[in-house]
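Novice: Please see the structure below; I have some questions.
The values are calculated or read from the model by the stated rules, or taken from the named source; none is laboratory data. The model shown is predicted, which means the values in this text are computed figures rather than measured ones. Note: ideal-geometry Cβ built from the backbone for every residue, glycine included; neighbour counts use all protein chains shown.
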Amino acid sequence: MRRHGVKRGEIATPEPDPFVPVSVIVQIARPLDRLTRRWTCPVVEAYVTRPKRAVSNCGGLYVKRGMTMTELLQTGAVAPDFELPAAGGGKIRLSDLRGRIVVLYFYPKDDTSGCTAEAIDFTRLKPQFEAVGATVIGMSPDPVKRHDKFRSKHELTIDLVADEDKANLQAWGVWVEKSMYGREYMGVERTTAVVGTDGRIAEIWRKVSVPGHAEAVLKAVQALAGR
């Protein structure tokens, strides 16, 4: 049987839209139908006869049954799109920044020591990021009002977006189980991703250590921009 031009067991590889909606990304990470073993790719459906076989090729990355978001979102993967309210008013949509390099960093909470130091470092280096055509955006579960106070208190100039329902943090694989002093809880794993002008993840840092991190990201962005 052939559906959407793909035979059972075949893997199709057309060029996908570089920005993938969150709902599609979440579907990729888990099986949809055990009987047909049907999976969804941003642009094509593929059918297979063996459950452990790679079932779809989404922009050159093979998706396998049971993959986690952390495994899926590696260098070269398409960046999950988002549209979120931003500090200072309005909304920011990642796909609207197509053609620019985007530094997207995820952090746990406004006005804590590590998150404050990270935001101040990115703010200090913002002119150098802009000089190579890069936009810096911070994302956390904090509401916009808290972002506004955070920016005002520390004179931050970078963009901050609010993901209060954590859907986008989950789509990026950074809303994870953590532990402290024997207590387990859910929280944001400090992560930074550089999204290239083609909408794909060019670099990604997980479990970030703040000192020197913004400088390392700037070097990577300058290399990506050829400067």
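Novice: Residues of the stretch 197-207 being more than 12 Å from the chain's Cα centre (by Cα) and either farther than 16 Å from Leu169 by Cα or crowded, with 20+ Cβ neighbours inside 10 Å (or both), which ones?
Specialist: Thr197, Asp198
Novice: Please work out which one of (1) of a type in the set (Gly, Ala, Ser); (2) surrounded by fewer than 21 Cβ atoms within 10 Å (Cβ to Cβ); (3) within 17 Å of Val103 (Cβ to Cβ) is the condition Ser140 fails and give its number.
Specialist: That leaves (2) as the condition not met.
Novice: Another question, if that's okay. Hey, any hits in the stretch 183-201 for a residue that's in contact with a Ser or Thr (Cβ under 7 Å, 6 or more places away or on another chain), hydrophobic (A, V, I, L, M, F, W, C), in the same structural domain as Thr116 (by TED's automatic domain parsing) and over 17 Å from Ile92 (Cβ atoms)?
Specialist: Taking every residue of the stretch 183-201 in turn, at least one turns out to be in contact with a Ser or Thr (Cβ under 7 Å, 6 or more places away or on another chain), hydrophobic (A, V, I, L, M, F, W, C), in the same structural domain as Thr116 (by TED's automatic domain parsing) and over 17 Å from Ile92 (Cβ atoms).
Novice: If you don't mind, another one. Restricting to the stretch 81-125, what's the tally of residues that are within 18 Å of His154 (Cα to Cα), part of a helix (DSSP H, G or I), of a type in the set (Gly, Ala, Ser) and touching a strand residue (DSSP E or B) at 6+ places or on another chain (Cβ under 7 Å)?
Specialist: The total comes to 1.
Novice: Please note which strands (runs of 3 or more DSSP E) are completely contained in the stretch 133-227 and include at least 1 residues that are modelled with pLDDT under 95 and within 14 Å of Cys115 (Cα to Cα).
Specialist: Here the list reads 183-188.
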